[in-house]
Structure formats: C-alpha cells, structure tokens
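Undergrad: A single structure is presented below for examination.
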Amino acid sequence: MKRKIRMGMVGGGQDAFIGAVHRMAAVLDGEIELVCGAFSSSEVKSKASGAELYLSPDRAYASFEEMISKEKSLPEDVRMDFVSIVTPNFLHVKQAMLALENGFHVLCEKPLALSSSEALTLRDKVKQSGLLFGLMHNYTGYPMVKEAKAIVNSGKLGPIRKVIAEYVQGWLASRIEESGQKQADWRTDPDKAGISCCVGDIGTHAENLAEYITGLKISELSADVSTFVKGRMLDDDASVLLRFDNGAKGVLFSSQIAIGEENELKIRVYGEKGSIEWLQSEPNSLLVKMAGEPVQIYRTGVDKGYLSKAALSGTRLPGGHPEGYIESLANIYKEFARAIKVNQEDGYEEFDFPDIEDGVRGMRFIEAVIESGHKNAQWVKL
C-alpha cells in the first residue's frame with residue numbers, strides 16, 4: 001500500500017486534552033493522515049473542531065454513528081481505514097463494536113471497557129471480524145521500555161524475582177471535580193469511568209508495563225484501596241502486592257493524591273543476575289545493574305550499536321536529543337499503521353503494540369484490585 005493510512009477520530013474536540021496529543025502523534029512519521037471525525041457529542045463543537053483542523057465540512061460529523069455510516073458509503077480509496085477512539089471509558093465498547101461491525105480497524109484509549117464481561121464481548125467481535133485492534137498503552141512505545149523488554153527476553157538478568165511498578169500523581173488531591181474540571185469530572189464518575197478512578201486510569205499503565213517488560217502475567221494480588229478525598233465516589237489511591245505466574249513477587253502502587261507528583265511512572269525489575277530501572281520523567285535513560293559490575297546507563301540514540309533493534313526502531317533522533325510522551329504514542333500509531341498495510345496486503349502477523357488481550361488483562365486487573373480492596377486486601381486470582 002503506497003499511500004498514507006487514513007484515520008477518523010471520535011472524541012478529542014475543542015477543550016479536550018488527549019485528542020490533540022493523539023493527532024500530533026499520529027501524523028509524526030508521515031504514515032497517517034486525519035480525514036474525518038466526530039469530535040464531540042455536540043454537533044456545533046464537532047463541526048467547529050473539524051473546521052479548526054481544516055477538514056472538509058462534510059467529514060466533520062454530528063455523531064459517531066453518522067461518521068461510521070457515511071464513511072462506509074464512501075469509495076474505498078477515500079474512506080477512513082481506522083478509527084481512533086479518544087472518548088471516556090463508558091463509550092469505548094459501543095464505539096469500537098460499531099466500527100468493527102462496519103469493517104474499520106480500531107485504535108482505542110485505555111482502559112478498554114467498564115467491565116471484563118464487556119471486554120470479552122469486544123474481544124469476541126475483534127476475533128470474528130479479523131480486523132486489527134490496538135490499545136493505547138503508550139508507555140510501551142518508549143525506546144528504553146522496549147530495550148528493557150529486550151534485555152529481559154535475552155536472559156541477561158536471569159529468572160525474574162521481583163517487580164516494583166509505580167505511577168503517582170497529585171492532581172486529584174482535592175475534589176476539583178466539583179469545580180467543573182472536565183478531566184476530573186468524568187474520571188471520578190462511576191457512570192463514565194466504571195468501578196475505579198485511580199487504578200483504572202493510571203494503575204493499569206503500571207500493570208501493563210510490568211507484564212510487557214517481563215513477559216510475565218500477574219496470577220493473583222492483594223490490594224489496599226483508598227478514597228482519601230471526602231465525598232469522592234471512586235478510589236484515588238491503591239497499594240497492591242503481586243504474584244506472577246513464574247513465582248516472582250511484586251509491588252504496584254498508584255496514587256492521584258500524592259501532592260507534588262506530576263506523572264511519575266517508574267518500574268524496577270530484579271532478576272537473579274541483575275536488574276533494570278526506568279523512570280518516565282527521564283525516559284531516554286535505562287539503568288542496568290549487573291551483579292558485581294558498575295551501574296550502566298543505556299541511552300537512546302540512533303548511533304548506539306549496543307541497543308536492540310526494537311529500541312532503535314522507536315528512536316528518531318541522535319543521542320542527547322530528548323524524545324518523550326508524544327513520540328511514545330507515535331510509535332504505537334506507526335506500528336499500527338504498518339500492521340494495517342501488512343494486514344491488507346500479506347495477511348496478519350505479530351506487531352509490537354498493545355492489543356485486545358492487553359485490554360482484557362487490564363479490566364481483569366482493575367476488577368481484582370477493587371474486589372480485593374473491598375475484602376480487606378484478601379488475595380484474589382486474575
């Protein structure tokens with residue numbers, strides 16, 4: 001396929017944070033172009049958003065349903081190839097199902113659904129459709145996260161014994177949802193976010209990162225879940241003990257009431273022979289600590305021959321030039337676009353982006369954490 005992949009977007013219109021980030025990331029490598037969108041539940045806002053993005057007026061739609069119907073009716077060489085879903089949690093499954101039923105690939109924000117039963121229903125639809133489904137766990141897109149995974153896969157660290165993953169923020173330390181803050185409002189609303197705020201919003205990133213890097217699966221957990229802010233209906237803090245399927249143990253904690261913290265995502269993986277450590281606020285560095293050796297600092301950069309192919313493929317700039325959050329999303333979009341091209345030309349093969357199975361895992365994790373929290377930290381199997 002010698003053309004750009006055509007993207008439609010649902011959500012992400014005026015005043016939305018993540019939609020603009022997705023659009024920047026999607027077009028970064030020149031493989032994708034935005035051709036249409038239903039950017040808001042308000043027809044006026046959706047049309048205005050389309051105008052700001054210089055889209056043809058007839059392809060800024062009043063609703064997602066209209067977008068799917070009209071895009072499907074367009075010639076194959078004009079219509080969108082996939083839809084990027086950047087709406088709140090409660091809309092994900094409905095919108096993804098409609099897109100798949102009408103023959104469009106889907107790239108969706110996380111968490112996947114409001115429940116694991118919803119997630120399983122969507123998984124069945126993905127399998128039945130034969131279409132591609134990607135989940136935006138963008139932190140797996142960082143080059144040094146890919147390097148960490150490659151190091152673990154190589155056996156350099158030996159069998160994994162301990163995993164510590166954390167994601168802490170401070171922005172919900174007070175009840176800002178009462179002030180009309182849009183991002184806080186839906187994340188703390190059970191009808192829109194589901195059974196969890198903190199664990200569903202950021203705890204799943206730590207869970208996904210732990211399983212992605214190590215290749216292990218969490219088999220059971222024990223969780224202490226809290227809602228510190230009075231009047232809030234969902235959790236804003238959680239501390240979780242983990243057991244992995246190889247016998248390794250872990251600790252995962254996530255908090256949105258940690259005053260002074262921004263988006264402090266960190267992971268440490270300890271094996272029999274060595275360990276690795278990565279911090280999102282210093283994303284170009286990976287600490288590698290081997291027994292009896294000085295600490296090594298692996299750095300991104302296209303001229304570094306010691307890095308894995310996976311890390312190099314996700315790096316755009318020479319060493320010393322910062323690459324960050326938008327680039328991590330761009331790596332997911334780039335890989336998804338490549339998958340669409342291969343899927344249409346040569347049949348499906350494995351690609352390095354989170355998929356429907358990661359979404360199902362995430363929903364099971366959320367439910368297990370909340371269940372354990374309600375049962376005074378009783379161990380719960382995934």
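Undergrad: Quick one: which of 248-256, 98-106 comes out on top by average Cβ neighbours within 10 Å, and what's the full order, highest first?
TA: Working: 248-256: 22.7, 98-106: 20.3.
Put in order of decreasing packing, that is 248-256, 98-106.
Undergrad: Given points 7 Å out from each Cα along the Cα-Cβ axis, report the Y306 to K289 separation in nanometres with one decimal.
TA: 1.7
Undergrad: Using a Förster distance of 35 angstrom, determine the FRET efficiency expected from the C-beta separation of E282 and K192, and round it to 0.05.
TA: 0.55
Undergrad: Another one. Whole-Hz ³J(HN,Hα) for each residue in segment 186-199, computed from phi via Karplus 6.51 cos²θ - 1.76 cosθ + 1.60 with θ = phi - 60°, x for glycine and proline: what do you get?
TA: 7, 5, 9, 9, x, 5, 10, 9, x, 7, 9, 9, 4, 5
Undergrad: Here's another thing I want to ask about it. Hydropathy first: keep DSSP H helices in the chain averaging at least -0.5 on Kyte-Doolittle, then drop any whose Cα extent along the axis falls short of 20 Å, and list what survives.
TA: Working: long enough: 325-345 (31 Å, -0.33); 356-374 (27 Å, 0.01).
Answer set is 325-345, 356-374.
Undergrad: OK, next. Given a Förster distance of 30 Å, report the FRET efficiency between V342 and N102 from their Cβ-Cβ distance, rounded to the nearest 0.05. All intermediate terms of the calculation are to be shown ahead of the outcome.
TA: Working: r = 22 Å, r/R0 = 0.72.
The pair V342/N102 has a calculated efficiency of 0.90.
Undergrad: Hey, fewest Cβ within 10 Å first, where do E371, E118 land in order? Display every interim value, and only then the final one.
TA: Numbers: E371 15, E118 20.
Neighbour counts put them in this order, fewest first: E371, E118.
Undergrad: Also, quick follow-up: For P(r) over Cα pairs in 10 Å bins from 0, in percent, which listed value, (i) 5, 17, 23, 23, 17, 10, 5, 2, 0; (ii) 5, 21, 28, 22, 13, 8, 3, 0, 0; (iii) 5, 23, 32, 26, 11, 2, 0, comes from the coordinates shown?
TA: Here P(r) over Cα pairs in 10 Å bins from 0, in percent agrees with entry (iii).
Undergrad: Right, next: Subtracting the Cα-Cα distance from 0.36 nm times the residue separation, let me have the gained length for Q296 to K162 in nm, one decimal.
TA: Values: separation 134, 0.36 × 134 = 48.24 nm, distance 1.98 nm.
Length gained between Q296 and K162: 46.3 nm.
Undergrad: While we're here: Give the residues of segment 29-54 whose amide nitrogen is closer than 18 Å to a point set 7 Å from the Cα of S69 in the direction of its Cβ.
TA: Label zone hits: 37-44, 46-47.
Undergrad: Given a cut-off of 30 Å, name the pairs among K4/K72; K125/K375; K249/K289; K146/K182; K217/K273 whose C-alpha atoms lie farther apart than that in the structure shown. Mind dumping the intermediate values first?
TA: Details: K4/K72 18 Å; K125/K375 33 Å; K249/K289 19 Å; K146/K182 33 Å; K217/K273 21 Å.
In this structure, K125/K375; K146/K182 exceed 30 Å between Cα atoms.
Undergrad: Could you give the length gained by full extension between D77 and N246, i.e. 0.36 nm per residue of separation minus their alpha carbon distance, to one decimal place? Spell out each step's value before the answer.
TA: Values: separation 169, 0.36 × 169 = 60.84 nm, distance 4.83 nm.
Between D77 and N246, full extension yields an extra 56.0 nm.
Undergrad: Sort H205, H92 so that the residue with the fewest other Cβ atoms within 10 Å of its own Cβ comes first and the one with the most comes last.
TA: Numbers: H205 22, H92 27.
By the 10 Å Cβ count, ascending: H205, H92.
Undergrad: Same structure again: If the cut-off is a Cα-Cα distance under 18 Å, which lysines reach K47, setting aside same-chain residues fewer than 8 apart in sequence?
TA: Filter leaves K70.
Undergrad: Hey, another quick one. Hey, what do the phi angles of segment 158-168 turn into as Karplus ³J(HN,Hα) couplings, whole Hz, using 6.51/-1.76/1.60 and θ = phi - 60°, x for Gly and Pro?
TA: Karplus-based 3J(HN,Hα) across segment 158-168 equals x, x, 6, 10, 8, 10, 10, 10, 9, 9, 10 Hz.
Undergrad: Just grab the label-to-label distance for K230 and D124, each label 7 Å out from Cα along the Cβ direction, in nm (one decimal).
TA: 4.6
Undergrad: Next question. I need the phi-derived Karplus couplings for segment 174-183: 6.51 cos²θ - 1.76 cosθ + 1.60, θ = phi - 60°, integer Hz, Gly and Pro marked x.
TA: Here the 3J(HN,Hα) series is 10, 7, 6, 4, 6, 8, x, 4, 4, 5 Hz.
Undergrad: Would you please give the residues with an amide H less than 5 Å from that of I32, counting only those at least 5 places away or on a separate chain, with H modeled from the backbone geometry?
TA: I5
Undergrad: Going by C-beta contacts inside 10 Å, put C198, C36 in order with the fewest on the left. Provide the component values of the computation, followed by the final result.
TA: On the way: C198 30, C36 26.
Taking fewest neighbouring Cβ atoms as first place, the list is C36, C198.
Undergrad: Pull out the extension gain between K45 and I176, defined as 0.36 nm times the separation in residues minus the alpha carbon to alpha carbon distance; nm, one decimal. If you can, show how the numbers build up before the last one.
TA: Numbers: separation 131, 0.36 × 131 = 47.16 nm, distance 2.42 nm.
Length difference between fully extended and current span is 44.7 nm.
Undergrad: Hey, another quick one. Find the relative contact order for the chain and round it to a whole percent, using C-alpha pairs within less than 8 Å whose residues are 6+ positions apart. Write out the running numbers ahead of the final one.
TA: On the way: 851 pairs, mean separation 73.6, N = 382.
With pairs under 8 Å counted, the relative contact order is 19 percent.
Rule-based calculations on the coordinates, nothing more; no lab input. As the structure is a prediction and not an experimental result, all values here were calculated from the model. All Cβ positions, glycine included, derive from the backbone under ideal geometry; neighbour counts span all protein chains shown.
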